């Protein structure tokens, strides 16, 4: 249970903050041709633009788990939100591709802190089914930011030749920064157990299994988000269909987070069912010859890998008193493995001209999640 009813501003702050982060993280993927032509790169290098953010996402989790033990998550979120927004503006003025990668890597430090601290913020304000729902909404707001990026960046390229592709995230960060500043003196989000250490988290079997589930969910989500625009172009589909895919991810994360509240379903069973759907969906994507089927399947698999987001976070957070450390470990492991997938997927596209090999790889990852979810389910019974 929460210690007291938190004010609305405190509850919505992480959701507002992560919209801006999602825009900066994925918006560039809505205009792949701009980067391919601007910097004369291939799809493997294009994938590196996402990987460059995921490496610091993983590395920053340990210091993030320490920081949330020392001060309120509200103050940390305020600093992280402003930092990532300012860095986003600078990225658009990078003169070379290595400079773009370096700046996105630096941005990833602030964004990784934001992601972890925001999840911990929610875990401290909510518990049980309410926490699952809020974590799902949190993930959904991140994908909403990415969907806004897919919708906005083509117009920015046409109007400004690329200025604002990342920097528009500064405008999206203003509501979050204002809300966090107004609540800067609150004490509801201090650690309930500041002496808890992360040592036990590293060997906690449920946290480890949840991390494996997160590898599949985040890896699938990242791969689809980074290359969905190119995928649709390859099969002759134009228009803002990529926006629809990330819109489905937004809905999926929100619906998945609410499922535990509205239906008699446990978090582990939700993860289990979503893993089965993802395995079948990616298997069909790798083998389906018909264009209508290939066009519709990304919507289904994006829904499948988005639904368990809040459940995975909540399973990990509930497994230990050190919620911040548990969530940091899940995020670190998922992003550390996930960072190789955009490069691998881009390389497969460069060599084979398609994404079938990448889809088979995602089948394997979601089979791993299925097995992990089975083990978690056994522990809950």
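The values are calculated or read from the model by the stated rules, or taken from the named source; none is laboratory data. Quick caveat: nothing in here was measured; it's all calculated off a predicted structure. Reconstructed Cβ throughout: ideal geometry from the backbone, glycine too, with neighbour counts over all protein chains shown.
Looking at 120, 53, which one is without any contact (Cβ under 8 Å) to a residue 60 or more places away in the chain and in a helix (DSSP H, G or I)? So that I can check it myself, show each step before the final result.
Details: 120 fails: without any contact (Cβ under 8 Å) to a residue 60 or more places away in the chain.
One residue alone meets the criteria, 53.
Filter the stretch 310-325 for residues that are in a helix (DSSP H, G or I) and at pLDDT below 85; which is nearest to residue 276 (Cα to Cα)? Even if it seems obvious, please write down each step before you answer.
So in the stretch 310-325, the residues in a helix (DSSP H, G or I) come out as 310-318, 323-325.
Now narrow it down to the ones that are at pLDDT below 85: 310, 313-314, 317-318, 323-325.
Details: 310: 17, 313: 19, 314: 20, 317: 24, 318: 24, 323: 28, 324: 29, 325: 29 Å.
Among residues in the stretch 310-325 that are in a helix (DSSP H, G or I) and at pLDDT below 85, the one nearest to residue 276 (Cα to Cα) is 310.
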Leading residue by the ranking (farthest from the chain's Cα centre (by Cα)) among those in the stretch 118-130 that are modelled with pLDDT under 90 and closer than 11 Å to residue 327 by Cβ: 124
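Of all the helices (runs of 4 or more DSSP H) wholly in the stretch 143-260, which have at least 2 residues that are within 20 Å of the chain's Cα centre (by Cα)?
Details: elements: 169-182, 199-202, 205-234.
In the stretch 143-260, 169-182, 205-234 are the helices (runs of 4 or more DSSP H) which contain 2 or more residues that are within 20 Å of the chain's Cα centre (by Cα).
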query: Could we say that residue 45 is in a helix (DSSP H, G or I), closer than 14 Å to residue 104 by Cβ and in contact (Cβ under 8 Å) with a residue 12 or more places away in the chain here?
result: yes
query: Of the conditions (1) under 30 Å from residue 269 (Cβ atoms); (2) free of Cβ contacts under 8 Å to residues at least 60 places away in the same chain, residue 109 fails just one. Which one is it?
result: (1)
query: List, please: which pairs have Cβ atoms under 7 Å, are six or more places apart or on different chains, and start with a residue in the stretch 24-41 that is more than 27 Å from residue 144 (Cβ to Cβ) and end with one that is in a helix (DSSP H, G or I)?
result: 39/97; 41/35; 41/97
message: Just to verify a result, which residue in the stretch 56-103, among those that are in a helix (DSSP H, G or I), under 16 Å from the mean Cα position of the chain (by Cα) and at pLDDT below 95, is surrounded by the fewest Cβ atoms within 10 Å (Cβ to Cβ)?
response: 59
statement: If we keep only residues of the stretch 336-378 that are surrounded by 17 or more Cβ atoms within 10 Å (Cβ to Cβ) and without any contact (Cβ under 8 Å) to a residue 24 or more places away in the chain, then the residue farthest from residue 222 (Cα to Cα) is 348
field: Residue within the stretch 270-290 that is in contact (Cβ under 8 Å) with a residue 40 or more places away in the chain, more than 14 Å from residue 365 (Cβ to Cβ), buried (at least 19 other Cβ atoms within 10 Å of the Cβ) and under 21 Å from the mean Cα position of the chain (by Cα) present
entry: yes
